[in-house]
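Note sheet for the following structure.
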Amino acid sequence: MTTVADVQVAVERLWPRSGAEDWDAVGLVAGDPADEVRRILLAVDAVLDTAAEAVATGADLLLVHHPLLLRGVTSVAATTAKGRIVTDLVRARCALLAAHTNADVVERGTSGELARLLGIEDAQPIVAAHDGSGDGLGRVGTLPRPVTLGRLAEALAHALPSTASGIRVAGSFDRTVQRIAICGGAGDSLLTEPAVVGADVYVTSDLRHHPASDARERHALGAGPALVDVSHWASEWLWLDAAAEQLRAELPGVEVAVSDLRTDPWDFQVPQ
């Protein structure tokens, strides 16, 4: 019999807690470590829809990328969205577990899988881990052959699930790029890292106005990369299939499924 505790051990092997940022809240959020696990559902977000899917499909554990309780709360009453998620999962004896920044830094993490999708060679972390493990935040490497910035953006648009926010680009469509820096999820904190500054283009998500504007101005003066901003959810969604594959190898006999639900927060865009 495989238990929640066994899944925790497997998750620790694949995405060690030591790789998580100090501010993060990874690990078991709800559930009894002694409960049996026969089916695991993977999703980027623990939201009402993915919790309902886990319950409806008989999952014993919902493993998500984004922690449900990242910030402190004083109540998980079912009158709140987070409380309703916890209540529904606990009633169904479905555990909730999060692998967040500890799943970002590994070779087959969020950035690593995006690099693999683009065919980037010799990918290395933008910010290496302090323990010398070879893991770290983001990835930077080289495409086998140069492409235009526009073609790179189009490749991302075809490979990633579509979202209302689409693919946003700062730079000339016809500019040739080959050295690519990537950070799955929010990445403007890495904009001034040498590996990013030295790249031809930086692919990430959630770029805020002022950091992006400053980076765009530097690029216009010939210093720093062009920018490609994709959906935060879409950039991390790629990791789910890799995580499912690894969990199946770690936990033979346990069914592992990936949610098809789109949990990007934006529903539609109105053309201007």
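A compact table of results
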quantity	calculated
Flag for residue 216 being assigned by TED's automatic domain parsing to the domain that holds residue 138, part of a strand (DSSP E or B) and of a type outside the set (Phe, Trp, Tyr)	no
All positions within the stretch 33-53 that are touching a residue at least 60 places away in the same chain (Cβ under 8 Å), within 15 Å of residue 257 (Cα to Cα) and not hydroxyl-bearing (Ser, Thr, Tyr)	37, 38, 39, 40, 41, 42, 43, 44, 45, 53
Matching residues in the stretch 152-186 - criterion: being in contact with a Leu (Cβ under 9 Å, 6 or more places away or on another chain), assigned to a loop (DSSP other than H, G, I, E, B) and more than 16 Å from residue 113 (Cα to Cα)	167, 171, 172, 173, 174, 175
The stretch 59-111, residues that are free of Cβ contacts under 8 Å to residues at least 24 places away in the same chain and of a type in the set (S, T, N, Q)	74, 75, 79, 80, 87
Matching residues, the stretch 120-142, being assigned to a loop (DSSP other than H, G, I, E, B) and at pLDDT 95 or above	120, 125, 126, 138
Failed item in (1) without any contact (Cβ under 8 Å) to a residue 24 or more places away in the chain; (2) within 13 Å of the chain's Cα centre (by Cα), with residue 189 passing the rest	(2)
The stretch 211-240 residues that are touching a residue at least 60 places away in the same chain (Cβ under 8 Å), paired with ones that are assigned to a helix (DSSP H, G or I) and β-branched (Val, Ile, Thr) (beta carbon under 6 Å, 6 or more apart)	236/110; 239/110
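The values are calculated or read from the model by the stated rules, or taken from the named source; none is laboratory data. Everything numeric here is computed off the predicted structure, so don't read it as measured data. All Cβ positions, even for glycine, are placed from backbone atoms using ideal geometry, and neighbour counts span all protein chains on display.
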